[in-house]
Amino acid sequence: MLRIAAELALRQLLHRGGKLAGALIGVCVAIVLIFTQLGFQNALYDSAVGIPRALDADILIAGPTFKSWADSPPWMNRALLYEAQGVPGVRSAAPLYSSSIQIASPLDGHALSCTLLAFSPQAPVFLPPGIARQTDQVALPDRLIMDRDSRVDFEAIRDAVLARGEAEITVLNATDTLQRIAWVSGLFDLGPSFTIDGTMITSDLNYYRLTSIPLDRVGVGVVRVADGHDVAAVRDRLAAALDGRARVFLKQDFIDNEIAYYAENTPIGYIFRLGLIVGTFVGIVFISQALHGIVSDNLKEYATLRAIGYQQGFFGAVVGFIALVLSVAAYIPSSILAWGVYVLAADASKLPLRMNLPDMSAIFALVLVMAVTATLLAVGKIRKADPVDLFS
């Protein structure tokens, strides 16, 4: 019976011709929308944790009211790091400084906002080799390195560094009567986020010269655990020693906190979740519309089959096969179109839009859910069909 139902479903689909193409296009639009929403949501989360992931840390220490890196992290007293170094199991506790600065565009002088990170050259805190090998460079007076993937406004600086080895920049500091000049003399790869257009890294002394922010105000403490010690146990000892004066995270917990902040406390996280729901609903509507048209066009034939003994399960199988074919046939071109959207959007926004197998599998499962839901709605119409009424 399943073979007969599958053959009947295929014949009914092929018989629709142009109407079938229209239905497929509608379902494709819904699936591409889902791909796009999920892709940008993942890019939001991945870019938000780009800096924490780049840190050479087992444990991170933040201020007592810390919520998120994007939420202007409150200062933490550097003296807490000296205390942390005395906790058993701590190998090192180094400061990472973070502030938002403005520089003058080399093209027209308008202000460009970027994040300035800084560390002591004697206590490096970054994992990427592109940053680590330039530690001596940032130790030089008024020298910085810049994220190669900073957005388009920073391209003139990047191009000057690639062409001449350095680019002069003007730091706009409202508290200074004189403009401060610095030089970008190297590049690294990190990537911007939804809230950060560009990132620069320098030494702690250069950070103080450029921002006038005292070095006892630390953004985040980067802690390495000594070999042979349990990281979670050291984290607990640190939390007890600091006694509410700071928040202590395992590195992965810090990353999870950032993702949760964007997902639960920002409008953009809500918008992306709503987009996924809307895309799923649109897909169900398009599949249901196609099934409704097929069922309506063949309702008398279905009634005839019911009259000669075919059971409701047979019609459910027919409609289910139609919905499955529509969904799978639309999924393949949709994934290709979505990949093209990812490539274009990643190039324009510099965000990490990537199509991966887990996401593709999750969306395919969601497409199957759409097909099942649409099938249940369509089968109800057949169940209500009375052969006597149809032929009267």
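Since every read-out is calculated from the coordinates, none of them should be taken as a lab result. Quick caveat: nothing in here was measured; it's all calculated off a predicted structure. Quick reminder, even Gly has a Cβ in these numbers, built from the backbone with ideal geometry, and neighbours come from all protein chains shown.
How high is the relative contact order of the chain, in percent, counting Cα pairs under 8 Å that sit 6 or more residues apart?
28
Once phi is turned into θ = phi - 60°, what whole-Hz ³J(HN,Hα) does the Karplus curve with 6.51, -1.76 and 1.60 give for every residue of the range 264-278, x standing for Gly and Pro?
10, 10, 10, x, 5, x, 5, 4, 5, 5, 5, x, 5, 5, 4
How large is the helix-only mean residue ellipticity at 222 nm for the chain, computed as the sum of -39500 (n - 2.57) over DSSP H runs with n ≥ 4, divided by its residue count, in deg cm²/dmol to the nearest 500?
-18000 deg cm²/dmol
Go through the range 126-137 residue by residue and turn each phi into a ³J(HN,Hα) via Karplus (6.51, -1.76, 1.60, θ = phi - 60°); whole Hz please, and just put x for glycine and proline.
Per-residue couplings from phi come out as 10, 7, x, x, x, 8, 4, 6, 10, 4, 5, 5 Hz.
Give me, ordered by chain and number, the residues 5 or more places off F188 or on other chains with an amide H under 5 Å from its own placed amide H.
So F188 has HN proximity to M146, D147, R148.
Can you give the FRET efficiency to the nearest 0.05 for V343 and A307, using r as the Cβ-Cβ distance and R₀ = 51 Å?
0.40
From the phi of every residue in the range 364-379, what ³J(HN,Hα) in whole Hz does the Karplus formula 6.51 cos²θ - 1.76 cosθ + 1.60 yield, where θ is phi - 60° and glycine or proline is x?
4, 4, 5, 5, 5, 5, 4, 5, 5, 4, 5, 4, 4, 5, 6, 5
What order do you get for R143, R11 when you list them from fewest to most C-beta neighbours inside 10 Å?
Listed from fewest to most nearby Cβ atoms, that is R11, R143.
Treat the count of other C-beta atoms within 10 Å as a stand-in for reagent exposure and order H110, H15, H229 from fewest to most.
Ascending number of Cβ neighbours within 10 Å: H110, H15, H229.
Tally the DSSP beta bridges in the range 92-248 and give the antiparallel ones as a percent, rounded to 5.
70
For labels at D256 and A132 in the simple 7 Å Cα→Cβ model, what's the distance in nm?
2.7
Only counting other Cβ atoms within 10 Å, I'd like T199, T280, T135 sorted with the fewest neighbours first.
Taking fewest neighbouring Cβ atoms as first place, the list is T135, T280, T199.
Using a Förster radius of 25 Å, what is the FRET efficiency between L107 and I336 based on their Cβ-Cβ separation? Nearest 0.05, please.
0.10
So how far apart, in nm, are the two label points at V231 and Y208 if each is 7 Å from Cα heading toward Cβ?
Simple spin-label model gives 3.2 nm for this pair.
In debye, nearest 20: dipole of the chain around its Cα centre with unit charges on the Cβ of K, R (+) and D, E (-)?
In debye, rounded to 20, the chain gives about 1180.
At 7 Å along the Cα-to-beta-carbon direction for both D56 and A139, put a label point, then send me their distance in nm to one decimal.
1.3
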